[in-house]
Amino acid sequence: MDVASQVHAARTAALYVPAPSLAVLPVRGADRRTWLNGLVTCDVTKLEQGGASYGLAVAQKGRILADLVLVAEGDRVLVVAPASEMDALRAAFDRYLVMEDAEMGDAGELSVGFVHGPMSAAALEAARTGGAVGGLFDVTGLGGAIVLWPKVAEAAVRDKLAAVAAMGDDAGWDALRLERGIPRFGVDFDGTMYPQEASLEKRAVSFDKGCYLGQEVVCMLEMRGHVKRKLVSLVLGAGEVPAKGASVTTAAGDVVGEVTSAALSPTLGAPVALAMIKYAHAKTGEELALGPRAATIAERPA
């Protein structure tokens, strides 16, 4: 299916996108919620059974270790994170497992995918009949769900999803996420950044929950100051899709940032991008440039 058809499906029905770069860390035990709540930025205590929540694991000094989706499923909380960071994340969590009744299982036993669009709930229910678990999880604002399943149920789950949702790929997801201003770990942000630099403080951080690792720094940045740079969405003038690292400048030619990822938006008929920009210029409606082309900071989502 071409990119335009995938984005259309996500906006009008349902688009399934596999996520092979993610792994799943199951956490069991009576204290699993309270223990995890002290290690992540979202409020795990409010996570409903069969529900999902987006958050971050941050280091003591507030920088991001990984972004996470947490799913409450039976006697487990399933922690979904980039497979590339799973060993480090597990080690970081293990340092704070002392007397709590919590146990981390083997990562990677479950496959992961996401459904985007207004018919995501129906797709999730169909996947469950094939042996999947998961929860509603709307990352785009169009509706959504996360789906997880044992590898032995791969064919059955995919068949159930295909009956309800269009089958997507990385190219379709990139176009959709960039239209909707969704950053990707390892592409648009990484472990050198604070949540506010990645513009994730509203999506991924609870500022009214109890204490968690790194909270002091994250809250201080939010309440008493600001970061020096910030991830923003750009809508570009006509032309080719810019390369990662392309310089973003003011109209006068002063470099104020660089593109982190970009794609052609089928909805807008123009390239869209995420870019890391100096804080002073990271304002909605700010007129910037990529070479001779205009680049306007858009209010997310597109």
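The values are calculated or read from the model by the stated rules, or taken from the named source; none is laboratory data. All of these numbers come straight from a predicted model, not from anything done at the bench. Quick reminder, even Gly has a Cβ in these numbers, built from the backbone with ideal geometry, and neighbours come from all protein chains shown.
List the strands (runs of 3 or more DSSP E) that sit entirely inside the stretch 144-250 and contain at least 3 residues that are buried (at least 22 other Cβ atoms within 10 Å of the Cβ).
So the answer is 144-150, 229-236.
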Is there any pair with a first residue in the stretch 183-205 that is closer than 12 Å to residue 64 by Cα and assigned by TED's automatic domain parsing to the domain that holds residue 263 and a second that is of a type outside the set (Phe, Trp, Tyr) and modelled with pLDDT of 95 or more whose Cβ atoms are under 9 Å apart and which are 6 or more apart or on different chains, and what are they?
none
If residue 289 meets every condition in (1) surrounded by 14 or more Cβ atoms within 10 Å (Cβ to Cβ); (2) within 25 Å of the chain's Cα centre (by Cα) apart from one, which number is that one?
(2)
Can you name the condition, by its number, that residue 135 falls short on among (1) free of Cβ contacts under 8 Å to residues at least 24 places away in the same chain; (2) farther than 27 Å from residue 256 by Cα?
(1)
Say whether the condition of being in a loop (DSSP other than H, G, I, E, B), of a type outside the set (Gly, Ala, Ser) and in the same structural domain as residue 32 (by TED's automatic domain parsing) is met by at least one residue in the stretch 76-88.
no
Does residue 122 satisfy being at pLDDT 95 or above, assigned to a helix (DSSP H, G or I) and in contact with a helix residue (DSSP H, G or I) (Cβ under 8 Å, 6 or more places away or on another chain)?
no
Failed criterion for residue 271 (all others in (1) of a type outside the set (A, V, I, L, M, F, W, C); (2) without any contact (Cβ under 8 Å) to a residue 24 or more places away in the chain; (3) part of a strand (DSSP E or B) hold):
(2)
Look at residue 101 and say whether it is surrounded by fewer than 19 Cβ atoms within 10 Å (Cβ to Cβ), more than 22 Å from the chain's Cα centre (by Cα) and modelled with pLDDT of 95 or more.
yes
Could you say which residue among 138, 101, 106, 94 is closer than 30 Å to residue 5 by Cβ, assigned by TED's automatic domain parsing to the domain that holds residue 34 and of a type in the set (Asp, Glu)?
138
Restricting the search to the stretch 44-60, which residues are crowded, with 18+ Cβ neighbours inside 10 Å and within 26 Å of residue 128 (Cα to Cα)?
44, 47, 52, 53, 54, 55
Taking only pairs six or more apart or across chains, which ones have beta-carbon atoms under 6 Å, a first residue in the stretch 1-19 that is on the phi < 0 side of the Ramachandran plot, and a second residue that is hydroxyl-bearing (Ser, Thr, Tyr) and crowded, with 19+ Cβ neighbours inside 10 Å?
14/120
